[in-house]
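Below is one structure; the comments refer to it alone.
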Amino acid sequence: MRLLLGVSGGIAAYKALETARLAIRAGHLVRVIQTPASRRFVGAAAFAGITGAPVLCSEFEPDPARGSYPGEPLPAHVPISHLALVERADVYLIAPASANTLAKLAAGAADNLVTTAALAATCPVIVAPAMNSRMYLHSATQANLALLAGRGLVVLEPGEGELASHGERGIGRLPEPAELLAAAEQAATQAPAPAPAPAPAPGGRDFSGLRVLITAGGTREPIDSVRFIGNRSSGRMGLALAAAAARRGAEVTLILANVALTPPAGVRVLRVSTAAELADACRAEFAACDILLMAAAVADFRPAAPVAHKLLKTGPQAPSTVALEPTEDVLSALAERRRTGQILVGFAAEHGAGALARAQAKLARKGIDAIVVNDVSRADIGFESDANEVTILTRDGDPEQIARAAKSDVAVRILDRVQHLRAAAAASGSHVH
Ligand code: CTP
């Protein structure tokens, strides 16, 4: 498992060091983040030495490991968000959790990296309180712990016995490292609670409570300061999906790559240009979404050495070839990190005969739930057109052919199909939120 260990201030911070060591010995990947106060007890160098990875303390500090866990390949791009570590974690253990950190967590404060990560976590979060017994038994601390447990955090009971302050005994000891590790392992393997199949809400708002992430448009890969390699995608299909999902009550985030058209009202819009920027934005948003509709046309290659100025047509600089390098397959990368219950839909523009067979192979290769295929050899549909004619392929269902229709109608049919996929996943026991 990927264990993110949050360390707050307290003498028991030394036990966090031992917990990290045990976890690594058990084969887990561990990253550590610290509150500034915790560094007075155990310094970052000790954790870095044990984990073999940089230790972060501030949300403004760049992560030299770019959000990766030890042993994982270094991502090619610096993540936009300082939350990459918690997004990728299977479990987030805050040990020791000081009275002050617990109070901040209860209030939803995000004033340092440890509290910010807790607020952004979608994985199980465990808090292991450790403090003086009078602080632990204070009604403020008890109320904070009850609140956190009520929100679904795992609250570990502190032990009784000798406390750090000389001669004092009582409750407030941090559990032993082996117990902390066992709690983390247990939380990481627990499946989320089963949820009933989605039922259409009144007024057709059957997407309310669902977060839908949509990419649209086409990426541009710079050759020099004015030229780029792009594609003809206008973003119309993605915008139609965003409008339809918002109308049905979804909370929509729309990542637009070079889209000139106006996005629908009521959706959150993020703008990107290159495939790398699109990848970063998707990575930052993906963990929080229930449904991903990947309608953007993402460049498969980019110039290997873009030039910062404008290339001249003649003279020694004039290029006769542009060397290309592959870009990351964003959708496949996201599919590898999917949570149970997330639905991922890809879009494939295929040309001519064999389109469906190629798209079916792509669906399997990318590890997604459905792929929406259109034939770009036809001039009357697809790029820059308001109409589309598509086939929706899923892993096991029959292909669903949607006859030529306005993109807004095609969007409705795609969303209907997403609801079927959610219902099927819920029925088969792979739990959908
Ligand atoms: N896609 C992606 N990242 C890429 C390329 C494509 O996320 N670098 C996504 C697209 O947004 C789309 C799906 O993958 O949802 C299929 O895109 P397509 O270009 O057809 O797939 P490729 O894997 O590039 O296949 P091909 O070799 O046919 O171009």
Given (1) exposed (fewer than 15 other Cβ atoms within 10 Å of the Cβ); (2) not assigned by TED's automatic domain parsing to the domain that holds VAL376, LEU311 misses just (1)
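One line per residue, one yes/no per condition, for (1) modelled with pLDDT of 95 or more; (2) of a type in the set (Ser, Thr, Tyr); (3) out of contact with any strand residue (DSSP E or B) (no Cβ under 9 Å at 6 or more places or on another chain); (4) away from the ligand (no atom under 12 Å from the Cβ):
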| site | (1), (2), (3), (4) |
| --- | --- |
| PHE301 | yes, no, no, no |
| ALA304 | yes, no, no, yes |
| THR340 | no, yes, yes, yes |
| ARG378 | no, no, no, yes |
| GLY382 | no, no, no, yes |
| GLU389 | no, no, no, yes |
| ARG395 | no, no, no, yes |
Go through the range 35-70 and give me each residue that's part of a helix (DSSP H, G or I) and closer than 15 Å to VAL86 by Cβ. none
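Just give me the residues in the range 312-336 being more than 16 Å from the ligand (Cβ to nearest atom), under 35 Å from the mean Cα position of the chain (by Cα) and free of Cβ contacts under 8 Å to residues at least 40 places away in the same chain, in sequence order.
If the condition is that a residue be more than 16 Å from the ligand (Cβ to nearest atom), under 35 Å from the mean Cα position of the chain (by Cα) and free of Cβ contacts under 8 Å to residues at least 40 places away in the same chain, then ALA323 is the only one that fits.
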Kindly establish whether VAL91 is touching a Leu at 6+ places or on another chain (Cβ under 8 Å), among the aliphatic types (A, V, I, L, M) and closer than 20 Å to THR115 by Cβ. yes
Checking the structure you have, find out if any residue of the range 56-66 is buried (at least 22 other Cβ atoms within 10 Å of the Cβ) and either of a type outside the set (Lys, Arg) or in contact (Cβ under 8 Å) with a residue 60 or more places away in the chain (or both). yes
When you scan the range 246-261, do you find a residue that is surrounded by fewer than 14 Cβ atoms within 10 Å (Cβ to Cβ), farther than 19 Å from VAL78 by Cβ and in contact (Cβ under 8 Å) with a residue 12 or more places away in the chain, even just one? yes
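Anything in the range 1-17 that is aliphatic (A, V, I, L, M), in contact with an Asp or Glu (Cβ under 9 Å, 6 or more places away or on another chain) and not in a strand (DSSP E or B)? List them, or say none. Please lay out each step first, then the result.
Start the filter on the range 1-17 by keeping residues that are aliphatic (A, V, I, L, M), which leaves 1, 3-5, 7, 11-13, 16-17.
Next cut, in contact with an Asp or Glu (Cβ under 9 Å, 6 or more places away or on another chain) only: 1, 3-4.
Result: MET1, single match.
State whether the residues of the range 286-298 include one that is touching a residue at least 24 places away in the same chain (Cβ under 8 Å), in a loop (DSSP other than H, G, I, E, B) and in contact with a His (Cβ under 8 Å, 6 or more places away or on another chain). Reasoning before the result, please.
Looking only at the range 286-298, we keep the residues that are touching a residue at least 24 places away in the same chain (Cβ under 8 Å), and these are 286-298.
From what is left, the residues that are in a loop (DSSP other than H, G, I, E, B) are 287-290, 295-296, 298.
Now narrow it down to the ones that are in contact with a His (Cβ under 8 Å, 6 or more places away or on another chain): 290.
Checked the range 286-298: at least one residue is touching a residue at least 24 places away in the same chain (Cβ under 8 Å), in a loop (DSSP other than H, G, I, E, B) and in contact with a His (Cβ under 8 Å, 6 or more places away or on another chain).
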State yes or no: is GLY367 modelled with pLDDT under 90 and either outside the structural domain of ASN258 (by TED's automatic domain parsing) or surrounded by fewer than 17 Cβ atoms within 10 Å (Cβ to Cβ) (or both)? no
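Would you mention how many residues in the range 282-311 are of a type in the set (Gly, Ala, Ser), more than 15 Å from ARG211 (Cβ to Cβ) and under 24 Å from the mean Cα position of the chain (by Cα)?
Of all residues in the range 282-311, those of a type in the set (Gly, Ala, Ser) come to 284, 287-288, 295-297, 299, 304-305, 308.
Subset that is more than 15 Å from ARG211 (Cβ to Cβ): 295-297, 299, 304-305, 308.
Next, only the ones that are under 24 Å from the mean Cα position of the chain (by Cα) stay: 295-297, 299.
Looking only at that region, the number is 4.
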Taking the condition of being free of Cβ contacts under 8 Å to residues at least 60 places away in the same chain and assigned to a strand (DSSP E or B), how many residues in the range 81-132 meet it? 4
Any idea how many residues of the range 307-327 are under 17 Å from GLY230 (Cβ atoms) and among the polar types (S, T, N, Q)? 1
Inside the range 397-422, can you point out the residues that are within 24 Å of GLY367 (Cα to Cα), modelled with pLDDT of 90 or more and small (Gly, Ala, Ser)? ALA411
Of the candidates ALA275, ALA349, ALA355, ALA297, the one satisfying the condition of being buried (at least 17 other Cβ atoms within 10 Å of the Cβ), modelled with pLDDT under 95 and near the ligand (Cβ under 9 Å from one of its atoms) is ALA349
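The values are calculated or read from the model by the stated rules, or taken from the named source; none is laboratory data. Computed from a prediction, not measured in an experiment: that's the story for all the values here. Positions of Cβ are generated from backbone atoms using ideal geometry, with glycine treated the same way; all protein chains shown enter the neighbour counts.
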